[in-house]
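Data block below; observations after.
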Amino acid sequence: MYVLPAIGWFKPLKYDRGGYDAVYVNKKRGLVRFVQLAQAHDHKFDIGCFSALLCLLRDAASFEVKTVEIFVVVQKEMLPMFTFSEVTGQGLLKEFGWDEGEEVDRARLFACPK
């Protein structure tokens, strides 16, 4: 069994594959925080990528997931027009407290200064 550090930041093994660019975990709080960087006015939202990692943490690392947060960081000038171009995997986060269809509304958008 993999031993997950109690608190830490992680990055995917391959850049720009999947739905996130960084992941923060806090085992004591049961928190998993995903950060996705978007460099255009639209971006694909593949919920299956988030679900796959959450299931892996739960099953392989005995991580009790209590809170899932998804942050999307967008360049400041693109934030007003930002949209998800394609959303796939709706409902896959249901077992982690996100109702099907609310994923886009629960993902938090943040402006990144230049």
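The values are calculated or read from the model by the stated rules, or taken from the named source; none is laboratory data. Worth saying up front: this structure is predicted, and the values here are computed from it rather than measured. Virtual Cβ from ideal backbone geometry, glycine too; neighbours counted across all protein chains shown.
One table, with the values for the structure above:
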read-out: Residue 72 in contact with a helix residue (DSSP H, G or I) (Cβ under 7 Å, 6 or more places away or on another chain), surrounded by 15 or more Cβ atoms within 10 Å (Cβ to Cβ) and of a type in the set (A, V, I, L, M); value: no
read-out: Only listed residue being over 16 Å from the mean Cα position of the chain (by Cα) and of a type in the set (Lys, Arg), chosen from 58, 29; value: 29
read-out: Evaluation of residue 96 against (1) more than 16 Å from residue 19 (Cβ to Cβ); (2) surrounded by 13 or more Cβ atoms within 10 Å (Cβ to Cβ); (3) at pLDDT 95 or above (one fails), failing number; value: (1)
read-out: Subset of the range 71-114 (residues that are in contact with an Asp or Glu (Cβ under 9 Å, 6 or more places away or on another chain), outside any loop (DSSP other than H, G, I, E, B) and charged (D, E, K, R)); value: 86, 94, 106, 108
read-out: Pairs with Cβ under 8 Å, 6+ apart, first in the range 47-63 and surrounded by 17 or more Cβ atoms within 10 Å (Cβ to Cβ), second part of a helix (DSSP H, G or I); value: 47/103; 51/96; 54/96; 63/57
read-out: Residues satisfying the stated conditions in the range 79-93, i.e. of a type outside the set (A, V, I, L, M), touching a residue at least 40 places away in the same chain (Cβ under 8 Å) and either under 15 Å from residue 43 (Cβ atoms) or exposed (fewer than 12 other Cβ atoms within 10 Å of the Cβ) (or both); value: 82, 83, 84, 85, 86, 88, 89
